[in-house]
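The values are calculated or read from the model by the stated rules, or taken from the named source; none is laboratory data. What you see is a predicted model; the values in this text were computed from it and never measured. Cβ sites come from the backbone with ideal geometry, for glycine too, and all protein chains shown count toward neighbours. The accessibility values were calculated without ligands, DNA or RNA, using every heavy atom of the protein model including side chains. Shrake-Rupley method; radii C 1.70, N 1.55, O 1.52, S 1.80 Å.
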Amino acid sequence: MKYKRLGQTDINASILAFGASVFNNFFKDSNFNYSPESLQDLKNIINKAFELGINYFDVAPWYGNAQNLLAIGLKDHERSSYYLATKVGRYNVDKPPSEWFDFSYQRTIKSVEDSLKLFDTNYIDLIQIHDFEFADDIQQILNETLPALNELKLKGKVRYIGINSYLIDKLKELIELSPIKIDTALTYTHLTLDDTSLIEFADYFRNKGIGLINSAPLSMGLLTETGPPNWHRAPEKIRDAAIKASQYCKSRGVSLSKLALHFSATNQNCDITIVSMASVKFVEENIQALDDLDETEKSTLEYIRQNIFIPLNYKGYGDAELLSYKKKLAKK
């Protein structure tokens, strides 16, 4: 495992980080619950991640039971042996859309305090504002959310402050507006085989001294042999391209998932990459994907990039999720 300093923080994180959203069963290959068997599986997964060098775990209240389950999995490990990153602002995945977001000062403080209690710790390494583009007004982020986190940082309960958004331009906007230091920025599915738009922004974040976190290297299940979940927002042409790439990889005896993860996690345009891992086998395979590719894998990767993905010039689905959310609110 290789490690990188996350921006100007003292977080020396494994370049492959553990994404605990999998524990809320967002994806096809997960089915976690509180049964003794499932909890043992979860602990085995976490233990294997530690064994193979992963020291950074990312989660969020939005991921339902994931925080609780991750806390159970981390309980037997020394707090100093890992970095814990969670989030504020997005909640209640199982409730109506009107209850999904709350970026207020009071809710932000409460969310962090709840996470501290849940993980039985007196500090969280990184607290991130989750999908802040969904706030009614960015001024609320500037006047309530960030000051709340900075207050907690001054008290030692939060070590660093980060921001999350699918929209990279929004990350830049908030960084430019904020008088409070922002330590990290996370975006997802923008440094993948099908979408490399993050690369053109990498120097901006690096010059600002901001740690850049790349999430969802498998494009939220799109770049896998099993395919994406039903809620995936990729347009048909991208879904078709992923199927074509998967079929080509299969014909060469190569794993599309491995190529996708290798491409993202070894890319120098980000500091770390977060990926979900639903089994011990997946942990092992994901770590192996960091190794050098053999010649067949290299040629296969080059082929699917040059002949399938690059010609599409795909730069993500824009603000489709935000517009969908607003439509749901309008129906109420």
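Before moving on, here are some points about what is shown:
- q = 0.14, 0.19, 0.28 Å⁻¹: log10 I(q)/I(0) that the Debye formula gives for the range 184-244, counting C-alpha atoms only: -0.44, -0.70, -1.15
- Gyration tensor verdict on the range 1-137 (Cα atoms; rounded if a/c is under 1.5, prolate if a/b is larger than b/c, oblate otherwise): oblate
- Relative packing of 319-330, 160-171, 201-212, which averages over residues the other C-beta atoms within 10 Å, highest first: 160-171, 201-212, 319-330
- For the range 211-332, the Cβ-based charge dipole about the Cα centre amounts to some 980 debye (Lys, Arg positive; Asp, Glu negative; other atoms uncharged).
- Debye-sum result for the range 44-111 in log10 I(q)/I(0), which assumes one identical scatterer on each alpha carbon, at q = 0.17, 0.25, 0.26 Å⁻¹: -0.69, -1.08, -1.13
- Taking amide H positions as modeled 1.01 Å from N, with prolines and chain starts lacking one, the residues under 5 Å from residue 272 and 5 or more places away or on another chain are 212, 214.
- Of 60, 108, 19, farthest towards positive along the dipole that unit charges on Lys, Arg, Asp, Glu beta carbons give the chain: 108
- Given their separation in residues at 0.36 nm each and the Cα-Cα distance between them, residue 181 and residue 37 gain 47.5 nm when the chain is fully extended.
- Heavy-atom accessible surface of the range 245-332, averaged per residue, reaches 52 Å², computed with a 1.4 Å probe.
- Whichever aspartates and glutamates have a C-alpha closer than 20 Å to that of residue 298, once near sequence neighbours (fewer than 8 apart) are set aside: 194, 195, 225, 285
- Extreme residue, positive dipole direction of the range 128-234, given options 191, 220, 142 (C-beta unit charges): 142
- Rounded, prolate or oblate (a/c below 1.5 giving rounded, otherwise prolate when a/b exceeds b/c) for the range 260-332 by Cα gyration tensor: oblate
- Amide hydrogen neighbours beyond the local backbone of residue 128, cut-off 5 Å, H modeled: 86, 87, 88, 162
- Residue-span extension gain [residue 233 to residue 247] - 0.36 nm each, minus C-alpha spacing: 2.9 nm
- Accessible surface, 1.4 Å probe, highest first, among residues 312, 84: 312, 84
- Residue 105 paired with residue 206, simple spin-label distance in nm, labels 7 Å along Cα-to-beta-carbon: 3.9 nm
- Computed extension gain for residue 122 through residue 310, at 0.36 nm per residue and net of the alpha carbon distance, reaches 63.1 nm.
- A simple charge model with +1 on the Cβ of Lys and Arg, -1 on the Cβ of Asp and Glu and nothing else charged puts the dipole of the chain at about 460 debye relative to its Cα centre.
- Ranking 72, 97, 124 by Cα position along the charge dipole of the range 67-129, where only Lys, Arg, Asp and Glu carry charges on their C-beta atoms, puts 97 farthest toward the positive end.
- In the set (1) 22.3; (2) 16.1; (3) 17.5, the label that goes with mean projected area of the Cα convex hull in nm² computed for this structure is (2).
- Taking each DSSP H run with n ≥ 4 as -39500 (n - 2.57) and averaging over every residue of the chain yields -11000 deg cm²/dmol at 222 nm.
- Dipole magnitude of the range 142-250, debye to nearest 20 (Cβ charges: Lys/Arg +1, Asp/Glu -1, about Cα centre): 360 debye
- The peptide list 217-228, 34-45, put in order of mean Cβ contacts within 10 Å with the highest first, becomes 217-228, 34-45.
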